[in-house]
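> Below you will find the structure I want to go over with you.
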Amino acid sequence: MLTARDGIDTRLAGLDGGADDYMSKPFIPEEVVARVNAVLRRRPLWSDNDSRRFYGNLVIDFAAKQVLVNGVEVALSPRELSLMLYLAERPGRTFTREQLIEQVWGMDYDGSDRAVDLSIKRLRQSLSYWSAEAGEIRTLRGMGYQFWLKQ
């Protein structure tokens, strides 16, 4: 986000609203280009017409709702699959347990937020053959989880 507004509330609203970065005037054009390039490096390259995305030896087919590692389909529970798809559609973004429960489990879920931790643990176990050089599902202590890609 590039703006003339510089207050902390405005910055937080912009970042919470989905901005990957926030810069206010005055700015150096070379820094803007460098920040845009940094964001692009975090994003996989794919065609909008292709529902498959490739992350090293991990392939996610969003249309078929299928996850493959080394060409072999990964057996995931419906909840784990929904969690994987949600995180992978938003690489680099960090989500709290509460956000993941709202988006993946649904608003009417009234169980423990530790269900997220268990699902993440099972998902990581299922993806154990995904190349660590390509990426991982990260835990950011005190913040949440993210689908992180090494570029």
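> Charges only on Cβ, +1 for Lys and Arg, -1 for Asp and Glu: so what's the dipole of the chain about the Cα centre, in debye to the nearest 20?
Using Cβ point charges on Lys, Arg, Asp and Glu, the chain gives about 380 debye.
> Kindly sort I8, I101 by accessible area of their heavy atoms, largest first, with the probe set to 1.4 Å. List each step's numbers first, then the result.
Values: I8 110, I101 25 Å².
These residues rank, largest area first, as I8, I101.
> Quick query: amide H of Q66 versus all other amide H atoms, modeled in the peptide plane; which residues come in under 5 Å with a sequence gap of 5 or more or a different chain?
Correct list: D61.
> Could you tell me what fraction of 2.2 N^0.38 Å the Cα radius of gyration of the chain comes to, as a two-decimal ratio?
On the way: Rg = 17.2 Å, N = 151, 2.2 N^0.38 = 14.8 Å.
In units of the 2.2 N^0.38 Å rule of thumb, it is 1.16.
> So if each residue of separation counts as 0.36 nm, and I subtract the Cα-Cα distance between E31 and A75, what length gain in nm does that give?
Working: separation 44, 0.36 × 44 = 15.84 nm, distance 4.36 nm.
Residue separation times 0.36 nm, minus the Cα-Cα distance, leaves 11.5 nm.
> Spin-label point model (7 Å from Cα, Cβ direction): what's the E98 to Q66 distance in nm?
With each label placed 7 Å out from Cα toward Cβ, I get 3.9 nm.
> For the chain, which whole-number percentage of the solvent-accessible area (1.4 Å probe, protein heavy atoms only) is attributable to carbon and sulfur atoms?
On the way: 4800 of 9530 Å².
After summing per-atom areas, the C and S share lands at 50 percent.
> Shifting gears a bit: How far is it, in nm, from the label point at D110 to the one at A38 when both lie 7 Å from their Cα along the line to the Cβ?
About 4.5 nm, to one decimal.
> What helices in the chain pass both tests, a Cα length along the helix axis of 24 Å or more and a mean Kyte hydropathy of -0.5 or higher, using whole DSSP H runs?
Details: long enough: none.
Span-like helices here: none at all.
> How large is the accessible surface per residue of the chain, computed with a 1.4 Å probe and reported in Å² as a whole number? Could you put the intermediate results ahead of the total?
Numbers: 9530 Å² over 151 residues.
So the chain comes to 63 Å² accessible per residue, rounded to a whole number.
> Let me ask another. Just grab the label-to-label distance for R138 and T3, each label 7 Å out from Cα along the Cβ direction, in nm (one decimal).
According to this spin-label approximation, the distance is 2.5 nm.
The values are calculated or read from the model by the stated rules, or taken from the named source; none is laboratory data. Everything numeric in this text was worked out from a predicted model, so none of it was measured. Cβ: placed from backbone, ideal geometry, glycine included. Neighbour counts: every protein chain shown. Just the protein is used for accessible areas: all its heavy atoms, side chains included, with ligands, DNA and RNA removed. Shrake-Rupley method; radii C 1.70, N 1.55, O 1.52, S 1.80 Å.
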